[in-house]
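Engineer: One structure follows; several queries about it will come next.
The values are calculated or read from the model by the stated rules, or taken from the named source; none is laboratory data. In this text the structure is predicted, and so the values were computed from the model without any measurement. Cβ placement follows ideal geometry from the backbone for every residue including glycine, while neighbour counts extend to all protein chains displayed. For the accessible areas, the whole protein counts, side chains as well, though only heavy atoms, and no ligand, DNA or RNA atoms are used. Shrake-Rupley method; radii C 1.70, N 1.55, O 1.52, S 1.80 Å.
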Amino acid sequence: MCRPRRPILRKGRSAGLTKSSHAIQAQNTSKGGRDTETVLSFDDNRLLAELFGEHDRNLALIEKRTGVTASSRGNRVVIQGSPERIKVAKAVLLDLHTRLKRGLEVGNGEIEAAIRMNRDFSTPANNPGSSMEVATAKRRVTPRSPRQAEYIDKIRNHELIFGVGPAGTGKTYLAVASAAAMLLAGEVDRIILSRPAVEAGERLGFLPGDIAEKIDPYLRPLYDALYDMLPGDQVLKRLHEGQIEVAPLAFMRGRTLANAFVILDEAQNTTPMQMKMFLTRMGENSKMVVNGDPSQVDLPLGQKSGLVDALDTLKDVEEIGFVRFTGEDVVRHHLVTKVVEAYGRNDRRLDLRPPRRDSGPDHA
């Protein structure tokens, strides 16, 4: 069913909310049975263009994801739908407006994050998003799902944390952001980033160059996250001075890592022996974050993953923080979520299949 086209919003015609009163709200029962209508009336015209998006595309995305009908009329937003869905849509608009007031951008990712956070908490007061913000030199990082908020909280309050789940859930990114924030605040003296040098299902052969050049391709995702948090000149300077160290797991043996924030990425590709070696490197005033996806093990067939072994071995140690991400926490392109879910369904079907009988050798 086609709905009336909303007025096109021109640049410069934007509205904002004052700190004391975000919006004037009115509810009227409409013809949709339990459906109601809420009107948000904004106080000024500074931020409305960015909030609604060009041609109201942000409102259209909020409509699609929350199941309401939303239209802009001057400095007002009219939201129609069930009370529960209106509550979410309204909270999303107010959260996004708060971001704009703080000078932060609002795009599709931020909208999806606001919807995800407000959908999973009964009231905005219970939404931990803003309180879990991580401030680095280049950006302020906020959680985009309830489990991301839980993950940041565990990193703040535990010395050893395991983040487990599919690709795209922010495990590495949030850990590096937390490490950068602690380094800038003087809470740790250095950051140590590590991962096992295991190819993802390929055999790359001998790589050219010295040892640093050989291991660099394996550690590139960690570098990418670092450069997203700190200016490039600071990253290079801190790498040169040893405040930031990026090294393969094999280089950890025999060391004691004190006053450091240590991150082990792609931990599913460790062996149980390597994992034990890494965990026992922890020194005084250190924090360790171990990340990985048990569904993407690249070890030789039959070799047990050190991450899987550690999760089982350490599950009853209360001082360790465990966070298990799912496909719902994927914050990359929306198709990544569907890809993760599809592979998950296929893996479950394979697990449920009866074992195949060996028919024996063929006979001519």
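Engineer: Within the range 257-286, how many residues are over 24 Å from P166 (Cβ atoms) and not hydrophobic (A, V, I, L, M, F, W, C)?
Structural biologist: 8
Engineer: Checking I115 against (1) within 16 Å of the chain's Cα centre (by Cα); (2) open to solvent by 20 Å² or more (accessible area, probe 1.4 Å); (3) modelled with pLDDT of 85 or more: exactly one of these is not met. Which one?
Structural biologist: With (1) within 16 Å of the chain's Cα centre (by Cα); (2) open to solvent by 20 Å² or more (accessible area, probe 1.4 Å); (3) modelled with pLDDT of 85 or more applied to I115, the lone miss is (2).
Engineer: Hey, another quick one. With respect to K276, determine if the residue is assigned to a loop (DSSP other than H, G, I, E, B) and either of a type in the set (D, E, K, R) or touching a Pro at 6+ places or on another chain (Cβ under 8 Å) (or both).
Structural biologist: For K276, the condition - assigned to a loop (DSSP other than H, G, I, E, B) and either of a type in the set (D, E, K, R) or touching a Pro at 6+ places or on another chain (Cβ under 8 Å) (or both) - is not met.
Engineer: Within the set of pairs 6 or more residues apart or between chains, which connect a residue that is open to solvent by 70 Å² or more (accessible area, probe 1.4 Å) inside the range 137-153 to a residue that is part of a loop (DSSP other than H, G, I, E, B) and among the aliphatic types (A, V, I, L, M) with Cβ atoms less than 8 Å apart?
Structural biologist: Matching pairs, first to second residue: K138/L230; R140/L104.
Engineer: Could you please give the count of residues in the range 282-299 that are more than 13 Å from N259 (Cβ to Cβ) and surrounded by 18 or more Cβ atoms within 10 Å (Cβ to Cβ)? Spell out how you get there, then give the answer.
Structural biologist: Quick first cut of the range 282-299, residues more than 13 Å from N259 (Cβ to Cβ) only: 289-299.
Still in the running and surrounded by 18 or more Cβ atoms within 10 Å (Cβ to Cβ): 289-293, 297.
Counting residues in the range 282-299 that are more than 13 Å from N259 (Cβ to Cβ) and surrounded by 18 or more Cβ atoms within 10 Å (Cβ to Cβ) gives 6.
Engineer: Can you tell me which residues in the range 75-106 are open to solvent by 20 Å² or more (accessible area, probe 1.4 Å) and either in a loop (DSSP other than H, G, I, E, B) or of a type in the set (G, A, S) (or both)?
Structural biologist: Scanning the range 75-106 gives N75, S82, R102, G103, L104, E105, V106.
Engineer: While we're looking at this one, here's another question. I'd like the residue in the range 118-130 that is open to solvent by 80 Å² or more (accessible area, probe 1.4 Å) and within 18 Å of the chain's Cα centre (by Cα) and, out of all such residues, is modelled with the lowest pLDDT.
Structural biologist: Checking each candidate, the answer is S130.
Engineer: β-branched (V, I, T) and open to solvent by 40 Å² or more (accessible area, probe 1.4 Å): is that true of T271 in this structure?
Structural biologist: Taking the combined requirement at face value, the residue does not satisfy it.
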